[in-house]
Amino acid sequence: MSAPTPETAELADTAETPAASVSSDSARASLETLRSEIAKAVVGQDPAVTGLVVALLCRGHVLLEGVPGVAKTLLVRALAASLELDTKRVQFTPDLMPSDVTGSLVYDARTAEFSFQPGPVFTNLLLADEINRTPPKTQSSLLEAMEERQVTVDGSPRPLPDPFLVAATQNPVEYEGTYPLPEAQLDRFLLKLTVPLPSREDEINVLTRHADGFDPRDLKAAGIRPVAGTADLEAARTAVAKTSVSPEIAAYVVDICRATRESPSLTLGASPRGATALLSTARAWAWLTGRDYVIPDDVKALALPTLRHRIQLRPEAEMEGVTADSVITAVLAHVPVPR
């Protein structure tokens with residue numbers, strides 16, 4: 001099934017979905033193949049790849065953070081090339097305007113009328129590159145799109161295609177020329193994935209590939225091909241929605257989030273939305289690993305990427321070297337695990 005174009009975005013909800021013809025096992029196999037396809041271009045970033053797949057299954061958005069040069073943009077481009085989905089890229093800069101993202105009304109002198117010109121947000125996979133290098137006014141242009149999956153221009157709501165995912169990259173906030181994302185926008189991201197520097201072996205592999213002629217701007221030449229599409233995603237999402245959650249697991253998720261609110265190192269703990277997000281990502285991870293029920297290990301596996309951007313450290317804790325990840329790790333170590 002071909003991806004919706006900006007011109008047919010308003011018809012996305014009424015489009016025929018062929019998901020019924022794809023089995024759960026077939027969809028899982030297709031999504032697992034994404035890893036090997038992306039690995040043709042990106043070396044040693046399996047956790048980030050898994051996080052992007054989880055976000056697709058949960059209809060969520062992803063924030064990728066890492067220093068410049070660790071293949072954040074290449075990772076998202078490789079994901080897009082491995083999926084039969086429409087994709088667009090926006091380079092966020094200090095002079096970018098909200099209308100450059102969402103679109104605007106354009107006057108047509110021939111008809112003497114205004115018509116809507118869709119912006120790059122009207123796509124399936126939006127790569128928001130270096131999102132924290134643009135001022136908050138432009139950052140906030142994505143809030144409605146990410147939460148409501150629509151864009152309102154001149155009072156008229158315009159639905160976005162389905163699936164719709166924002167994969168935003170950002171440099172660490174300590175770097176010059178960055179604008180920290182406000183809490184409200186951070187909370188719209190389902191996952192915050194850190195993209196670390198590669199190990200020595202992986203870095204040697206990267207250099208070897210480049211010496212052999214690999215061009216990161218030409219993913220087709222690298223052999224990346226579409227291995228999954230809309231039908232696979234819909235079938236997978238249907239299966240994830242059927243993944244069972246026991247009352248004990250639900251209580252475990254709540255206890256973890258409540259424990260963050262009581263941490264002396266934090267001024268802001270995980271909200272009920274954070275608890276809902278953690279349960280959602282744990283279900284997706286359980287299905288990806290071949291189970292139709294959630295276990296505590298699924299919750300632990302997704303706790304860091306799901307909660308790290310939803311909590312706020314006290315200044316004195318930061319000065320002592322405490323990090324969001326260390327707080328969450330301590331919480332996981334102290335909250336009783338259901339048996």
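Of note:
- Selected from Glu130, Glu183, Glu201 as most flexible by GNM, with the chain as the system and alpha-carbon contacts under 10 Å: Glu201
- Within the range 292-339, the percentage of alpha carbon pairs spaced more than 13 angstrom apart rounds to 61%.
- Summarising the label geometry, the points placed 7 Å from Cα in the beta-carbon direction at Arg273 and Leu197 lie 3.5 nm from one another.
- Candidates Val195, Val22, Val76: whichever shows maximal mean-square fluctuation once the chain is modelled as a Gaussian network with Cα springs under 10 Å: Val22
- Protein accessible area in the chain, 1.4 Å probe - carbon and sulfur %: 53
- The mean sequence distance of close C-alpha pairs (under 8 Å, at least 6 residues apart), as a share of the length of the chain, puts its relative contact order at 23 percent.
- Relative contact order computed over the range 18-165 (Cα-Cα under 8 Å; 6+ residues apart), in percent: 22
- Radius 14 Å from Cβ of Pro336, net charge of other residues (Lys, Arg +1; Asp, Glu -1): +1
- Under the shape rule built on the C-alpha gyration tensor, where the axes satisfy a ≥ b ≥ c, the range 31-88 is rounded, since a/c falls short of 1.5.
- Extension gain, Asn205-Leu105: 0.36 nm per intervening residue step, less the Cα-Cα distance, totals 31.2 nm.
- Vicinal HN-Hα couplings computed from phi for the range 21-31 (Karplus, 6.51 cos²θ - 1.76 cosθ + 1.60; Hz; Gly/Pro x): 7, 10, 7, 4, 5, 5, 5, 5, 5, 5, 5
- The Arg258 and Met319 beta-carbon pair, evaluated with R₀ = 25 Å, returns a calculated FRET efficiency of approximately 0.45.
- Stretchable slack from Ser36 to Lys220, in nm (0.36 nm times residue separation minus alpha-carbon distance): 64.8 nm
- Magnitude of the charge dipole, the range 22-67, Cβ model with Lys/Arg +1 and Asp/Glu -1, debye to 20: 80
- Cα gyration tensor, the range 72-180 - rounded (a/c under 1.5), prolate or oblate: oblate
- Along the range 199-211 the Karplus relation, 6.51 cos²θ - 1.76 cosθ + 1.60 evaluated at θ = phi - 60°, assigns HN-Hα couplings of 5, 4, 5, 5, 5, 5, 4, 4, 5, 5, 4, 5, 5 Hz to successive residues, with x for each Gly and Pro.
- Stokes-Einstein diffusion coefficient of the range 198-339, Kirkwood radius over Cα pairs, 37 °C, 0.692 mPa s, in µm²/s: 184
- Applying 0.36 nm per residue to the separation of His334 and Asp154 and subtracting their alpha-carbon distance, the gain on full extension is 59.7 nm.
- Pairs of Lys residues in the chain are counted when their Cα atoms are under 17 angstrom apart and they lie 8 or more places apart or on different chains; the count is 6.
- Largest GNM mean-square fluctuation among Ile311, Ile204, Ile224, using the chain with Cα springs under 10 Å: Ile204.
- Inter-part distance where the range 259-283 and the range 135-211 are each reduced to a Cα centre, Å: 21
The values are calculated or read from the model by the stated rules, or taken from the named source; none is laboratory data. The structure presented is a predicted model; accordingly, all values stated were derived computationally and were not measured. Glycine also receives a Cβ, built like all others from the backbone with ideal geometry; neighbour counts cover every protein chain displayed. Protein only, heavy atoms only, side chains kept; ligands, DNA and RNA dropped before computing areas. Shrake-Rupley method; radii C 1.70, N 1.55, O 1.52, S 1.80 Å.
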